[in-house]
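Structure record follows, encoded as structure tokens.
The values are calculated or read from the model by the stated rules, or taken from the named source; none is laboratory data. Since the structure is predicted, the reported quantities are computational estimates derived from the model, not experimental observations. Every residue, glycine as well, gets a Cβ built from its backbone with ideal geometry; the counts of neighbours run over all protein chains shown. The accessibility values were calculated without ligands, DNA or RNA, using every heavy atom of the protein model including side chains. Shrake-Rupley method; radii C 1.70, N 1.55, O 1.52, S 1.80 Å.
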Amino acid sequence: MFNVTIQQVDPSDKEEIVVKCHEITDEVLAVVNRLRRNDSILLGSRDNETFRIPLKEIFYIESVDNKTFIYLKENVFESKLKLYEVEELARGTKMFRCSKSTILNIGKIRSVSPSLNGRFSAKLTNGETVIISRQYVPVLKKKLGM
Amino acid sequence: MSDKKSIIKFSANIFFTVTVCVMFIISLCNLFLPGFNYYPKEFPWIVMGAGLIGAIPSCLLCFRKEPTRAEFIMRCVIHFILIEAGIMIEGALLGWYSDFSEALLITATVIVVYILVWTITYFCSLSTAKNINRALGKFNTDEEE
């Protein structure tokens, strides 16, 4: 856990937040991402309209034919970002890469069960199922602190 | 490209697993079975041959898209037939069996080992899934707090 120190500064001084850490871990990045509210939002478009989508509302993000789609509970939006850019943006959040083409929100997983051929299928809270590839299972475990 | 890479990685993993398992089992047999002394001159080739028999057909178990149950079973059947054929050919070349009954015994052993490997893999995955679900519950509770 971090020690939290609030220091009042003179109105003429610039306000700032400094994070002092031994190592830039996912936990540190999560704190930073929460502070940078704008980074917790992805822009998605649908029907020629652009929407600001909070990361916590996203179920999963999938890349299909070089296009990136953002899946919410019921709606689907298209993002201009590449999947690796979204992955970078979502570092330190509950999102993790679960296969070569998908980034999944851990907070939206209801349960996980073994699928065929060493993969796992994640049942989401909206009833959809997303496949977690064998090589990304350790990433999920790490995120869950296992 | 990355698909090819992951198939090669997967097959190489199986190759080394099978190679090590075969060496380990033969070493145990040498240690514990009286009269068992199986270290012929061509031993490294036998072991690597077994590794290749396990590794090459395993490419069939790499899927680009999530397979249906029927597709998966079909691939497993072909996978098994290729492994069985490979072992029988290697066995014939190395004199592992001399008559039909011995060949049948080897086939039965291969079937048992094949089913055993899949069963162990499934139960390992089931156990992993249970642990992940437990951790998921805890993770989500912590987040709510």
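Of all residues in region B:86-102, those that are over 24 Å from B:Phe15 (Cβ atoms) and in a helix (DSSP H, G or I) total 3. In region B:28-47, the residues that are without any contact (Cβ under 8 Å) to a residue 40 or more places away in the chain and assigned to a helix (DSSP H, G or I) form Cβ pairs under 9 Å with partners that are open to solvent by less than 70 Å² (accessible area, probe 1.4 Å) and polar (S, T, N, Q), at six or more places apart or across chains, as follows: B:Val47/B:Thr19. Tallying residues that are open to solvent by less than 50 Å² (accessible area, probe 1.4 Å) and more than 8 Å from every other protein chain (Cβ to nearest Cβ) within region A:84-123 yields 17.
Among the residues of region A:126-146, the ones that are at the interface with another protein chain (Cβ under 10 Å from one of its Cβ atoms), touching a helix residue (DSSP H, G or I) at 6+ places or on another chain (Cβ under 8 Å) and either outside any loop (DSSP other than H, G, I, E, B) or not aliphatic (A, V, I, L, M) (or both) come to 8 in all. For B:Ala108, the conditions (1) open to solvent by 60 Å² or more (accessible area, probe 1.4 Å); (2) more than 10 Å from chain A (Cβ to nearest Cβ) are fulfilled apart from (1). Sort through B:Thr119, B:Thr19, B:Thr109, B:Thr68 and tell me the only one that's farther than 28 Å from A:Gln135 by Cα and among the β-branched types (Val, Ile, Thr). The unique qualifying residue is B:Thr109.
Considering region A:35-78 alone, what residues qualify as being outside any loop (DSSP other than H, G, I, E, B), over 13 Å from the mean Cα position of the chain (by Cα) and touching a residue at least 12 places away in the same chain (Cβ under 8 Å)? Full working, then the answer.
The first filter runs over region A:35-78 and keeps only residues outside any loop (DSSP other than H, G, I, E, B), leaving A:35, A:37-46, A:49-57, A:60-64, A:67-71, A:76-78.
With over 13 Å from the mean Cα position of the chain (by Cα) added as a condition, the list becomes A:35, A:37-38, A:43-46, A:49-52, A:63-64, A:67-69, A:76-78.
Listed by number, the residues that qualify are A:Leu35, A:Leu43, A:Gly44, A:Ser45, A:Arg46, A:Phe51, A:Ser63, A:Val64, A:Thr68, A:Val76, A:Phe77, A:Glu78.
Against the conditions (1) in contact with a strand residue (DSSP E or B) (Cβ under 7 Å, 6 or more places away or on another chain); (2) aliphatic (A, V, I, L, M); (3) facing chain B (nearest Cβ under 9 Å); (4) not in a strand (DSSP E or B), A:Leu81 satisfies every one except (3).
Check B:Leu116, B:Leu82, B:Leu105, B:Leu61 and return the single one that is more than 21 Å from B:Ser11 (Cα to Cα) and hydrophobic (A, V, I, L, M, F, W, C). Break it down into steps so the answer makes sense when it comes.
Working: B:Leu116 fails: more than 21 Å from B:Ser11 (Cα to Cα); B:Leu82 fails: more than 21 Å from B:Ser11 (Cα to Cα); B:Leu61 fails: more than 21 Å from B:Ser11 (Cα to Cα).
The match here is B:Leu105.
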